[in-house]
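Input: a single structure, listed below in structure tokens.
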Amino acid sequence: MRNALILALKDAQLAGRTRDTLLSTAFFAGLLLLVLGLGLGSGLGSEAAQLRPAAAGAVWSALALAAAVAAGRAFASEQEAGALEALTLYPGPHGGLYLGKLLGTLLQMLLLSVFIVPLGLLFFGALGAGVAVPWPALTLTVLLGVLGLCASCTFYAAITVNLRAREALLPALAFPVLVPVVLASVQATRYLLEGGWTPEVATWLGFLALFDVSVIVVSTLLFPFVLEN
């Protein structure tokens with residue numbers, strides 16, 4: 001865990017210094033929300049009530065694609081600088097390398113979520129005057145959902161980092177695994193926006209928590225084999 005925290009801190013400092021990954025990912029997610037909004041109709045006017053059910057799907061579509069972009073850069077920076085092999089030589093289990101990259105990607109995605117979630121809700125009429133948003137429960141949903149996205153995308157980013165077409169292969173490999181976490185996140189968010197906390201929300205969040213723990217444990221155990229290949 002000490003190696004993981006040091007690596008996550010290094011990635012966070014690098015992301016804050018260069019800002020290329022944060023800016024490109026935020027721009028990509030904002031553009032996706034804009035395209036979806038223009039295609040379905042603006043939620044800022046009289047169509048807000050009709051577009052409100054689509055807010056959860058639009059927000060999590062942007063977060064899922066943003067997680068793939070952010071995780072793709074997690075190992076690419078070391079690979080391009082020729083430092084990826086040096087990371088594997090550090091003392092300690094190689095699973096700490098995965099956990100460190102996961103924490104670094106998670107910090108970036110949580111920071112981006114502060115921008116993406118309110119923008120998506122506002123653009124689709126789920127945020128504004130007369131609309132009550134259960135922010136504590138929604139924050140928990142975003143945390144669990146983003147953790148699941150980052151855990152899966154970071155693992156597959158390590159698999160594709162040495163491939164020539166890694167930008168194309170990463171979404172192709174990761175997105176089928178992301179279907180459960182996206183489905184649970186969308187459903188929990190939709191129930192929260194429609195009626196607040198319900199037993200259905202608790203069920204979906206419990207599924208998200210189980211998914212996150214399972215993916216992190218399995219990915220940590222399998223990560224040494226990924227490095228060998």
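Work out the FRET efficiency for GLU167 and TRP135 from their Cβ-Cβ distance, taking R0 = 41 Å, and round it to the nearest 0.05. Could the numbers behind the result be given before it?
Values: r = 35 Å, r/R0 = 0.85.
Computed FRET efficiency for GLU167 and TRP135: 0.75.
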Item to check | Extension gain (nm, one decimal) between TRP197 and SER24, 0.36 nm per residue minus Cα-Cα | outcome: 58.9 nm
Item to check | Kyte-Doolittle mean at least 1.6 and Cα axial length at least 18 Å: DSSP H helices in the chain | outcome: 20-40, 95-123, 135-160, 199-228
Next on the checklist: What distance in nm lies between label points placed 7 Å from Cα along the C-beta direction at VAL213 and PHE175?
Outcome noted: 3.1 nm
Next on the checklist: Cut-off 10 angstrom, C-alpha nodes, Gaussian network model of the chain. Which of GLY104, GLY95, GLY145 fluctuates the most?
Outcome noted: GLY95
Checklist outcome for this item: Under the helix-only model (-39500 (n - 2.57) for each DSSP H run of 4 or more, divided by the residues of the chain), the mean residue ellipticity at 222 nm, to 500 deg cm²/dmol, is -28500 deg cm²/dmol
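Any chance you could run the full-extension gain for LEU31 through VAL114? It's 0.36 nm times the residue separation minus the Cα-Cα distance, nm to one decimal. Spell out each step's value before the answer.
Numbers: separation 83, 0.36 × 83 = 29.88 nm, distance 1.60 nm.
Extra length from LEU31 to VAL114 when fully extended: 28.3 nm.
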Checklist entry - Computed FRET efficiency, Cβ-Cβ of ARG2 and LEU40, R0 45 Å: what is it to the nearest 0.05? => result 0.40
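Going by the alpha-carbon gyration tensor, a ≥ b ≥ c the square roots of its eigenvalues, is the chain rounded (a/c under 1.5) or, if a/c is not under 1.5, prolate (a/b greater than b/c) versus oblate? Please report the intermediate quantities before stating the final value.
Numbers: a/c = 2.25, a/b = 1.76, b/c = 1.28.
Taking the square roots of the gyration eigenvalues as a ≥ b ≥ c, the chain is prolate.
Read-outs: derived from the displayed coordinates by stated rules, not from any lab. Because the structure is a prediction, the values reported are computed rather than measured. Please note: Cβ atoms are built from the backbone with ideal geometry, for glycine as well, and neighbour counts cover all protein chains shown.
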